[in-house]
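See below for the structure under consideration.
The values are calculated or read from the model by the stated rules, or taken from the named source; none is laboratory data. Note that this is a predicted model, so its numbers are computed, not measured. Cβ placement follows ideal geometry from the backbone for every residue including glycine, while neighbour counts extend to all protein chains displayed. Please note that ligands, DNA and RNA were not included when accessible areas were found on the heavy atoms of the full protein model with its side chains. Shrake-Rupley method; radii C 1.70, N 1.55, O 1.52, S 1.80 Å.
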Amino acid sequence: MRTSIMAACLALSFLLSCTASSPTGTSGVPGGAADRGDELEPQAHVSHAASLPMRLQVVGKRTGDVVELSAVLTVSGRLASPVVMSIELPAGAVVEKGSVREDLGTVPPGSEVRRDFVVRSAEGSVRVVARSVGRSSGATARVEWPLAEEPPAVRPVLEPISPVKVFGATVNKAVVESNEEREP
Amino acid sequence: MRAMITATIAATMVFPGCFFGGEEAGVEPICEPQEKKCDGSDIVKCNSDGSDWAFYKECPHGCKKGKCIEPTESCKPTCNGRNCGDDGCGGSCGKCGAGETCNHGACCMPTCITLEGGIGECGDDGCGGSCGKCGAGKACFGGHCCTKQCFTMEGAIAQCGSDGCGGQCGTCSSGESCVNMTCVQSGAGCKPKCTGKECGSDGCGGTCGLCSASEACNWSIGVCAPTSAGVVEGWLRYEVRTPTVDFWGAVVLDDVQEGDGAGLLALVADSEGNVVGASQVDTEGYFAVPVSGEPAGDEQLLFAAMWAPSLEADEPLLVVAYPDSGGGTAGSMIPSTPWAWLFEVPPGGYVGNILVTEAQGSGAMFLFVVTLAAMQTVAYDLAGGVADKVVPLAVLWKPGVAWEDCGACFVGSGGAQNIADAYFPQSVFIGGEADGASAWGYPVTLHEFGHYVAHNYSKDDSPGGDHTIGQPLAPPFAWSEGWASFFSVLTVSRWLGQAVTLFWDIQGGSSFWLDYAEGDCSGDGLFSDVISPASPLAGMYQELDENWVTTMLFNLWDGGEVPEVGANDGIALETATVMAAVSSERILCGDRGAKGVDFVDFLDAVACQYGFITDDLAYAVKEYFGFPYDGNKSCKTCN
């Protein structure tokens, strides 16, 4: 059986309604290294997730209705297939210098590729995208110029509530919703 | 329209054909040119550029290790009393009738019948085979896949007692007894805990008192209440975003869907803030919190992202916390509070459907559900159901908040947090940037959880540092990261009972995904377009791609709890074996080859625990994954 993103999505939907029931393998593995009460020297440890295999940076300058852009693609990881770089324009804009779509070929890790563009009549943001998509993996780097404002993060506020003691801890803040706010 | 496109892409990914988005990936060698191996009773041979296997020769007497089995004069067929199966010389002792199988030389008709006489879906078929396997969390009972009921009366995870499927939820240590499916100390050394309680468990196998005939004990708070006592009930759901690969191959987060708040702690407090009832949201999102009388309408319902094995526990073992500040350095102590949601309780106590929206922090609920699933593996497979062996963990996340030098990371020593008067010695930080995976990035969350597992229950000798896709790493580094990603796909796959081998991430609007299960076009062997495979010629202590370690681990694990993916390597270690190996004394105290714990040490640990598997393990690792493990295990222990 092979897994697809779609399968994963479907699976995840199931996961969401899935159980917290647990397997009951109670073999009781002895002596976890960090049994509390041990006097083992703790290991200094900060572990990070892997970085993405490629990134894009774009710098630009606008003079009247002409935009000059310089895009730098930095590849740090192995890619599935040749990289295709493209520029996506707002309506009415035209590329006067540079390729709208260019096959960069195989770009090995540790490489940087720079491409310059001149765009006329760009009444909005221009997006540069680099893609490398294969059968079992895919990487996409994209950046907008001028830099798109970061999408507004939805920031719930936890309000003070009457303290509630549970598990020896005290919960004294919560996201509060009245019944009136709730859908029937 | 987008849904159709997505489905089309998914279909091309699911079925062989190796076509994706109109572009063929580059071809990587999958075998050594001229190499031979068995494919059933045929020999197949690697072609000249190492890109594919092709039929080479048929073996009338069977194939073994890439060679035809030759009948020899010295080989005398032996079928004493056997009417089917191998005669020892490549021939057969006979064939069985339709529907029959050969079981140790005897023809046998498999029987898969339930206790009621229906068709069984699991269990022994009476001929040495199986009628089917049950998914995670289920057991075979009377020919049916039975969902284990391992919850206490308050909805907490049971430590002992019947699982309702003919088995036990666990066993208590000597000196303990099982009360309300919880192990409690018994005997002279145990001090009863009955302060503020008039009934329920005293923690020593006894009770704090009995209720009158017209009352029942609310075990969660130790209070007698009229048997006609009320309940606060309803359903808890939350908004969640799931990933899709769009037409261009980029990972995007879909519009919101709804999930069930399984495992969330549900508390009912009276108008003065006193807890009058507690329970845990069940697997369907349903909650029913018993209270001592019909709710008057001035109570409040609180859901908290906290977990402990019992509602009577005096410390939480998992919390998803809301940092008070707008960020900071991962690894420092961050003032935080548990994520919690408060709702009013209407008169009568029926709350109905509650939907926590993204704007209300549903991401924290999702993080809690995901990490609680991982914590089950820790609690049961590594800590043996003993709460004191579970190292408390805090997960810090807040929308819009990024962590310096982290993104997402696990912090072992130096990661201690004090949250709501509770102490958590270690923490996981998840970035909340709006243009990243944020709380929805469960592969990364579980990867960091995998580091927590290695740090506390195994050994992690990774030097750490930056790492990326396809990068050869020193063996302990590759092992540490490969293990963490394996734990991630293991947790999701195990929970769902199917192989989910996808890893993905979104950072700063850019994305990456890979599928650990994707094999080559013919299905022979494994092949990925970005993962660097091990070299059969580079020795056991070669640098490895962390994702190749994950691929090997997943393929050695699967075949039991989930179906095989990719190559059928004939090995299905399953979770208990893997966890026993990584936490064994062989891992903790032994070392072979490259300095520090690595893949070789893991293989040794498995082989040391299960000696009979050594040859098969070594063969599978070499044959299917190209890793030249020699099988000469060292089984050093800590003594």
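What are the residues in the stretch B:269-296 that are within 10 Å of another protein chain (Cβ to nearest Cβ) and either open to solvent by less than 30 Å² (accessible area, probe 1.4 Å) or hydrophobic (A, V, I, L, M, F, W, C) (or both), if any? Walk me through how you get there before you give the answer.
Initial filter on the stretch B:269-296 (within 10 Å of another protein chain (Cβ to nearest Cβ)): B:269-275, B:278, B:280-285.
Residues satisfying the conditions are B:ALA269, B:GLY273, B:VAL275, B:ALA278, B:GLN280, B:VAL281, B:GLY285.
Pull up the stretch B:297-317, narrow it to residues that are more than 27 Å from the chain's Cα centre (by Cα) and outside any loop (DSSP other than H, G, I, E, B), then point me to the one that is farthest from the other protein chains (Cβ to nearest Cβ).
Out of the qualifying residues, it is B:LEU301.
Looking at B:VAL597, B:VAL549, can you tell me which residue is aliphatic (A, V, I, L, M), at pLDDT 90 or above, in a helix (DSSP H, G or I) and crowded, with 23+ Cβ neighbours inside 10 Å? Before the answer, list the steps.
Numbers: B:VAL597 fails: in a helix (DSSP H, G or I).
Exactly one residue qualifies, and that residue is B:VAL549.
Failed condition for B:ALA373, given (1) in a helix (DSSP H, G or I); (2) more than 8 Å from chain A (Cβ to nearest Cβ); (3) not aromatic (Phe, Trp, Tyr), with all others met?
Condition (2) is where B:ALA373 drops out.
Looking only at strands (runs of 3 or more DSSP E) that fall completely inside the stretch A:40-120, which ones have 3 or more residues that are surrounded by 18 or more Cβ atoms within 10 Å (Cβ to Cβ)?
Details: elements: A:46-48, A:54-63, A:66-75, A:83-88, A:94-97, A:101-105, A:111-120.
Ranges flagged: A:46-48, A:54-63, A:66-75, A:83-88, A:111-120.
What about B:PHE410, is it more than 26 Å from A:THR140 (Cβ to Cβ) and more than 7 Å from chain A (Cβ to nearest Cβ)? Break it down stepwise before answering.
Details: more than 26 Å from A:THR140 (Cβ to Cβ): yes; more than 7 Å from chain A (Cβ to nearest Cβ): no.
Judged against the criteria, B:PHE410 is not a match.
Looking at the stretch B:191-211, I want the residues that are of a type in the set (Val, Ile, Thr) and have a partner that is part of a loop (DSSP other than H, G, I, E, B) with Cβ atoms under 7 Å, at least 6 apart or on another chain. Which pairs are those?
Here the result reads B:THR207/B:CYS199; B:THR207/B:GLY200, each pair linking the stretch B:191-211 to a residue that is part of a loop (DSSP other than H, G, I, E, B).
Being touching a strand residue (DSSP E or B) at 6+ places or on another chain (Cβ under 9 Å), modelled with pLDDT of 80 or more and either among the small types (Gly, Ala, Ser) or not assigned by TED's automatic domain parsing to the domain that holds B:TRP341 (or both): is that true of B:CYS172 here?
So B:CYS172 fails the test.
For the stretch A:127-151, what are the residues that are within 7 Å of chain B (Cβ to nearest Cβ), open to solvent by 50 Å² or more (accessible area, probe 1.4 Å) and at pLDDT below 90?
Listed by number, the residues that qualify are A:GLU150, A:PRO151.
Give the residues of the stretch B:554-565 that are in contact with a helix residue (DSSP H, G or I) (Cβ under 6 Å, 6 or more places away or on another chain) and buried (at least 24 other Cβ atoms within 10 Å of the Cβ), sorted by residue number.
B:VAL562, the sole residue that qualifies.
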